[in-house]
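Written out below as structure tokens is the structure these notes cover.
The values are calculated or read from the model by the stated rules, or taken from the named source; none is laboratory data. All of these numbers come straight from a predicted model, not from anything done at the bench. Cβ placement follows ideal geometry from the backbone for every residue including glycine, while neighbour counts extend to all protein chains displayed. With ligands, DNA and RNA removed, areas are computed over all heavy atoms of the protein, side chains included. Shrake-Rupley method; radii C 1.70, N 1.55, O 1.52, S 1.80 Å.
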Amino acid sequence: MTMPTIKNVTVLGTGVLGSQIAFQAAFHGYSVTAYDISDEIIEKAKERFAKLAEIYKSDRVPGAADGKAEEALKNLRLSSDLGDAVTDADLVIEAVPENLEIKRDTYTKLSTLAPEKTIFATNSSTLLPSDIKDFTGRPDRFIALHYANNVWRQNTAEIMGTSDTDPDVFAAVVEFAKGSGLVPIELKKEKAGYVLNSLLVPLLNAAAGLLVGGYADVETVDKTWRIATGAPLGPFQIFDIIGLTTPYNISIASGTPEGAAFAAYLKENYIDKGKLGTATGEGFYSYR
Ligand code: NAD
């Protein structure tokens with residue numbers, strides 16, 4: 001097989017990540033269809049896209065203020081009919097809720113609705129593509145393509161196949177990532193957490209352990225990391241950017257005593273007081 005060409009892209013789900021993925025691809029000239037489950041949600045998606053056009057301009061994404069943001073809106077088609085949305089798709093990027101049943105159900109439908117040529121990519125953060133591949137009907141054309149939130153700025157694209165993924169499909173997705181303004185991060189084999197979270201989660205957990213165990217305060221932990229490694233931000237500054245609800249939920253789900261202790265600490269000192277991180281102006285630090 002030669003490397004497939006990707007021109008038409010369909011994004012499933014127009015939530016936080018799906019809307020950004022669709023807009024970023026449209027901004028870089030791909031012909032994009034965004035799918036969601038109802039006309040009501042599609043109406044909300046229009047607002048999300050208009051907002052993203054403004055954010056690209058205010059964040060000074062090159063070209064955004066010179067008409068590229070409006071061009072992107074023109075490259076975007078919306079649909080609430082799955083068959084219609086994927087009818088001529090070279091690549092489908094799936095950003096539906098992080099729930100195995102919803103993902104499997106989505107791929108079962110897609111497997112019959114999408115043309116044979118279509119490559120499927122999941123943006124899942126925590127599921128492995130191997131958990132899903134048997135539902136795609138085309139494991140050789142299935143891969144994980146993982147974006148970071150705020151894709152126009154934090155523009156990594158972690159790319160991870162299963163042992164069934166065709167190398168030409170992998171190469172085509174790498175090219176698509178480059179073509180849509182992203183930095184491809186290629187994994188040689190499957191790993192929960194990809195590269196980024198394999199590094200970041202242990203760091204954040206260690207910081208939480210130092211704080212909750214009473215070993216060091218927030219400022220001391222961050223100062224140590226910044227000065228001794230030259231990193232611009234310490235772990236608690238990173239927590240504030242992520243938003244404290246996500247670590248709270250992950251800590252509870254971990255089922256460990258350390259996780260429970262950190263979740264209780266976050267709830268009492270921050271979440272119950274509405275301090276959720278940079279988004280609310282205050283978290284471990286104040287940004288007012
Ligand atoms: P979200 O809840 O904001 O959006 C999900 C969207 O999917 C909604 O618009 C919803 O209407 C739609 N949806 C629900 N059921 C559907 C179905 N059956 N078919 C199609 N669409 C359906 O979620 P999100 O934060 O955008 O996350 C989506 C995916 O992206 C998840 O797999 C998540 O792990 C991943 N991800 C999220 C982030 C993040 O920071 N939020 C970062 C990287 C990856």
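Restricted to the range 112-131, and to residues that are within 14 Å of the ligand (Cβ to nearest atom) and farther than 18 Å from SER163 by Cβ, which residue is most open to solvent (accessible area, probe 1.4 Å)?
Ranking the qualifying residues of the range 112-131, first place goes to THR126.
Go through ARG48, ARG60 for me and flag whichever is within 18 Å of the chain's Cα centre (by Cα), more than 30 Å from LYS191 (Cα to Cα) and open to solvent by 20 Å² or more (accessible area, probe 1.4 Å).
After applying the criteria, what remains is ARG48.
Show the residue pairs that are 6+ apart or on different chains and have beta-carbon atoms under 6 Å apart, the first residue being within the range 224-245 and open to solvent by 60 Å² or more (accessible area, probe 1.4 Å), the second being in a helix (DSSP H, G or I).
Between residues of the range 224-245 that are open to solvent by 60 Å² or more (accessible area, probe 1.4 Å) and residues that are in a helix (DSSP H, G or I), the close pairs are ILE241/THR278.
Which one of GLU175, GLU268, GLU219 is surrounded by fewer than 18 Cβ atoms within 10 Å (Cβ to Cβ) and in the same structural domain as ALA25 (by TED's automatic domain parsing)?
Going through GLU175, GLU268, GLU219 in turn, the sole match is GLU175.
Restricting to the range 80-111, count the residues that are of a type outside the set (Gly, Ala, Ser), open to solvent by 40 Å² or more (accessible area, probe 1.4 Å) and out of contact with any Phe, Trp or Tyr (no Cβ under 6 Å at 6 or more places or on another chain).
12
Inspect the range 5-27 for any residue being within 16 Å of the ligand (Cβ to nearest atom) and among the basic types (Lys, Arg) and give the result as yes or no.
no
Would you say ASP134 is away from the ligand (no atom under 16 Å from the Cβ), within 23 Å of PRO184 (Cβ to Cβ), open to solvent by 60 Å² or more (accessible area, probe 1.4 Å) and not in a loop (DSSP other than H, G, I, E, B)?
no
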